[in-house]
Each structure stands twice: as C-alpha cells, then as structure tokens.
1. Sort Arg73, Arg148 by accessible area with a 1.4 Å probe, largest first.
2. If Lys and Arg each add +1 and Asp and Glu each add -1, what is the summed charge of the other residues whose beta carbon sits under 13 Å from the beta carbon of Arg60?
3. List residues of segment 140-154, by number, whose backbone nitrogen lies under 20 Å from a label position 7 Å along Cα→C-beta of Thr171.
4. Using the Cα centre as the reference, give the magnitude of the dipole from point charges on the C-beta atoms of segment 110-186 (Lys, Arg: +1; Asp, Glu: -1; all else neutral), rounded to the nearest 20 debye.
5. Cα convex hull of segment 106-189: mean projected area in nm², to one decimal?
6. With Cβ to Cβ distances under 11 Å as the rule, what net charge do the other residues near Phe90 carry (K, R +1; D, E -1)?
7. Would you list Val159, Val61 from the most to the least accessible area, probe 1.4 Å?
8. Rounded to a whole number, what is D in µm²/s for segment 68-151 from Stokes-Einstein with the Kirkwood radius over alpha-carbon pairs (10 °C, 1.306 mPa s)?
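The values are calculated or read from the model by the stated rules, or taken from the named source; none is laboratory data. Remember, it's a predicted structure, so these values are computed and weren't measured experimentally. So basically every Cβ, Gly included, is an ideal-geometry build from the backbone, and we count neighbours across all protein chains shown. Please note that ligands, DNA and RNA were not included when accessible areas were found on the heavy atoms of the full protein model with its side chains. Shrake-Rupley method; radii C 1.70, N 1.55, O 1.52, S 1.80 Å.
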Amino acid sequence: MTDTKTPTRARVGPLLRRAAELEGRRWRGHPATHCETIEAMPKKVDHQERRTLIADALMRVAADQGLEAVSLRHVAAAAGVSAGMVQHYFRTKDEMMAFALSVVRERSQLRVTEAVARLGETPPPRLLLRTMLAALLPLDDNTRDDGRVALAFLAYTAVRPSATPSLHEDTAQFTGFIASVLPDRHGAAAAAGLLALMEGLGVYLLGGQYTAEQALGALDAHLDLLFG
C-alpha cells in the first residue's frame, strides 16, 4: 500500500520550482560591480526592481523605527530616491504596505522551499511540517528583522483588512496544505491550531519571552501529539 500522506514529488516539486524563481529574483536585487554595471547596462528601467528597492527601504524604516515612522518622506530618504519616485510607483500608503508585505512573504517562501529541498523528494510528513514551520519562525537576526516587519504589517492590516486581501487566501492555502499532511484522524481544525501555534511562537520569539530552543521544543511537543 502506498502511504497517501507521504509527500510526493508532485507536492514538493512546486515548492522547489518556486525557490528557483525567487532565488533568481533575489540575485537580480544584489548590487552589481562597476564592471557588471557597464557590461549589462539596462536599456529600460526595471520597474519591479525599483518597487522592490522602495519596499526594502520601507521595511528598514519599519524595523528600525516602527510602523508609525513609515511615511513617504522617510521611505524615500531610506531608499535614496525622490519622494516623487515613491509616489510614481505607489499611489497610496496601503499600496506600498501591501507590496512590502509581499516581499516579506516571498522571502519566507524562499526559506521554506530551500529548507524543504534539503530533505529530498519524499520526506516523512512530520519532518516536512517541522522543517516548513521552523523555517518560518524568527530564529536568527535576519528572520527576526522580517518577523518584526511582518508583525507590524499584520497589526496595520487588522484595522485595514482591505489593504492586503491576499493574506486570507495565503492562510487558507497553507492551512489546507497542513491538513493534507497531518494523519487522517485530524482535520482542518488541527491544521489551523498548528498554524496558530507557529504564529504565537513567532510573537514570543520576537518579544524575547522564548528562546529558539524553547520555541522549537514547543513545536516538537505539539507535533508529537499530532503524529503520536
């Protein structure tokens, strides 16, 4: 009998393809050397790169000074561009926030897909979930920066739910995936609980209440209950 709960190449494959796509986008965002700039001088402005540059500046401002400090003027100064350029790419603050959140989401997806790729083609279900959820937790300096920004944006969207409608779809898709990997006796409620546990652990990590070891220990304990 084939274990229908064992992740197949069809499940893991899309994650790996997404990793390759995002890795290419991340490489294009790296600063070029002087020679590379001369040899590969773009004939047209890369609008996506400009938008990402502005979004990165927004995230630096939010991480360093808090979301209340985010303004067109501060973001433009952090990006090293004019306020007019920021307005050209983002008509409203909501548009700028939504795009910045999408950048954080892509970075998180890249971490997950890279972590899953290291497991091979058919990792056991528990290991797959543990790896994915651990990759989303703010366990080091880089992920803590993204985590602080994501938490600030979630607080922003709590009073402006229309600002990032994609969050609802992302949550539903991830919950559905978790449910498909859990043992058959568990359903959508258990998947939602596991996702909520991960989010709560992220908040405790960012607040300093939990160490990385404590957070991973709590995650492992819950997974043991689900798979035991």
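1. Working: Arg73 160, Arg148 100 Å².
From most accessible down to least: Arg73, Arg148.
2. Values: positive: Arg148; negative: Asp56, Asp64, Asp145, Asp146.
Computed value for this residue: -3.
3. The answer is 147-154, whose backbone nitrogens lie closer than 20 Å to the label point.
4. Details: 8 positive and 9 negative charges, 43 e Å.
For this selection, approximately 200 debye.
5. Hull-based average projected area comes out at 6.4 nm².
6. Values: positive: Arg50, Arg51, Arg91, Lys93; negative: Asp94, Glu95.
Combined, the nearby Lys, Arg, Asp and Glu give +2.
7. Details: Val159 110, Val61 5 Å².
So, going from the largest accessible area down, we get Val159, Val61.
8. Details: Rh = 14.9 Å.
The estimated diffusion coefficient comes to 106 µm²/s.
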